[in-house]
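The values are calculated or read from the model by the stated rules, or taken from the named source; none is laboratory data. These numbers were taken from a predicted model, which means no experiment stands behind them. Glycine gets a Cβ as well: all are built from the backbone with ideal geometry, and neighbour counts include every protein chain shown.
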């Protein structure tokens, strides 16, 4: 049986986001994210800065041939792209394994405590 929602879905309170934000579970989620993302971001920015500085101030070094017509600048430039994709892949795997389950637990805790207006609609139609 298909039921349509009523014009008055009833009163419901939004989740208590301040309570969630101050919870130990959320603090642990933030700590886990920051302890991985911030150092990795800092390392990548430094790696990129070294590449830019070498390109600007060490032209002779960067022009050194490595293999045929490929020089150090080209190899390090390609390594920048490889590093970008590697970091994205690594973060995605780590988030799926360590962060997403924690976030999902927090989300389900919020959904369990919030009233479900669609349940009211189903009860009214039954």
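Here are the numbers:
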item: Number of the exception - residue 80 against (1) loosely packed, with under 12 Cβ neighbours inside 10 Å; (2) at pLDDT 95 or above; result: (1)
item: Helices (runs of 4 or more DSSP H) fully within the range 23-99 counting 3 or more residues that are closer than 30 Å to residue 109 by Cβ and either in contact with a strand residue (DSSP E or B) (Cβ under 8 Å, 6 or more places away or on another chain) or without any contact (Cβ under 8 Å) to a residue 12 or more places away in the chain (or both); result: 24-57, 72-94
